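Peer 1: Sharing a structure, written as structure tokens. Questions coming.
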Amino acid sequence: MKILIIGGNGTIGKKVSAHFREKNEVFVGARTNGDVQIDIADIASITSALEGLGKLDAIICIAGEAKWANFNELSEEDYYIGLRSKLMGQVNLVRIGQNYLNPEGSITLSTGILADDPVIKTTSATMVNGGIHSFVQAVDLEMENDIRVNVVSLGMVEDAYDKYKDYFPGHNPIPMNKAINAYVRSVNGRGRGEVIRVYE
């Protein structure tokens, strides 16, 4: 398969990219250091990147930002960071990306455990994640050419444990092989409109 992995140089993305490279043609999309330059918060950037690649069999997005802060410190503009990047960035990736996929292709988005088990300082990120879960379940009903849309929702992964453990007291880190397999299930399986949760 020919696969675009946006965020393929990140903590999770680099492991996912390495796995899919074993048997597929993989292009890493990133704002700076990827095979393809792409910023999901910019519609023109999404279109330009996909035009340059031609037809794909799968698009995986492991990217998107949201502001973490105490609720009473979040401004309206702070919420728009997550809405423009992680939420609408991934929505626009589906809107535009479907036109660059071969029939029976797939799009896999990414969220996280906050949608179901939020912690403090994550009001904005939690809202965005929950919105994506609902979006995926609805949009898959209307996709043409048998294109599938799923979302992978992970708990805190092993490789990010030291960085984020203070935010997630008592949470058990997710082994990286489980994180990788969630994306494999979305791309290589036949599920559609699924929220693929791996929280333990």
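Each value in this text was obtained by applying a stated rule to the coordinates, not by laboratory testing. For clarity, every value in this text was computed on a predicted model and none was experimentally measured. Every residue, glycine among them, receives a Cβ derived from its backbone with ideal geometry; neighbour counts consider all protein chains shown.
Peer 1: With (1) in contact (Cβ under 8 Å) with a residue 24 or more places away in the chain; (2) closer than 25 Å to Arg192 by Cβ; (3) surrounded by fewer than 22 Cβ atoms within 10 Å (Cβ to Cβ) as the list, and Arg95 as the residue in question, which single condition is left unmet?
Peer 2: (1)
Peer 1: A further question follows. Return the residues of the stretch 14-26 that are assigned to a loop (DSSP other than H, G, I, E, B) and either in contact with a Lys or Arg (Cβ under 8 Å, 6 or more places away or on another chain) or surrounded by 19 or more Cβ atoms within 10 Å (Cβ to Cβ) (or both); say none if nothing qualifies.
Peer 2: Matches in the stretch 14-26: Asn24 only.
Peer 1: Hey, Asp162 hits all of (1) touching a Lys or Arg at 6+ places or on another chain (Cβ under 9 Å); (2) assigned to a helix (DSSP H, G or I); (3) surrounded by fewer than 18 Cβ atoms within 10 Å (Cβ to Cβ); (4) of a type in the set (Asp, Glu) but one; which does it fall short on?
Peer 2: All conditions are met except number (1).
Peer 1: Continuing with the same structure: Would you confirm, using the coordinates I've provided, whether Val151 is surrounded by 20 or more Cβ atoms within 10 Å (Cβ to Cβ), in contact (Cβ under 8 Å) with a residue 40 or more places away in the chain, assigned to a helix (DSSP H, G or I) and touching a strand residue (DSSP E or B) at 6+ places or on another chain (Cβ under 9 Å)?
Peer 2: No: the conditions fail for Val151.
Peer 1: If you don't mind, there's one more thing I want to ask. Report the residue count in the stretch 40-61 for those that are in contact with a Gly (Cβ under 8 Å, 6 or more places away or on another chain), among the charged types (D, E, K, R) and part of a loop (DSSP other than H, G, I, E, B).
Peer 2: 0
Peer 1: Would you check which residues across the stretch 103-131 are under 17 Å from Leu50 (Cα atoms) and either surrounded by fewer than 16 Cβ atoms within 10 Å (Cβ to Cβ) or charged (D, E, K, R) (or both) and list them?
Peer 2: Correct list: Pro103 only.
Peer 1: If you go through the stretch 165-200 one residue at a time, how many are closer than 24 Å to Glu22 by Cα and either in contact with a Ser or Thr (Cβ under 7 Å, 6 or more places away or on another chain) or assigned to a loop (DSSP other than H, G, I, E, B) (or both)?
Peer 2: 8
Peer 1: Can you tell me which of Gly64, Gly8, Gly29 is of a type outside the set (A, V, I, L, M), in contact with a Leu (Cβ under 7 Å, 6 or more places away or on another chain), surrounded by 15 or more Cβ atoms within 10 Å (Cβ to Cβ) and outside any helix (DSSP H, G or I)?
Peer 2: Gly29
Peer 1: Which one of these does Glu104 not meet: (1) part of a loop (DSSP other than H, G, I, E, B); (2) on the phi > 0 side of the Ramachandran plot; (3) not aliphatic (A, V, I, L, M)?
Peer 2: (1)
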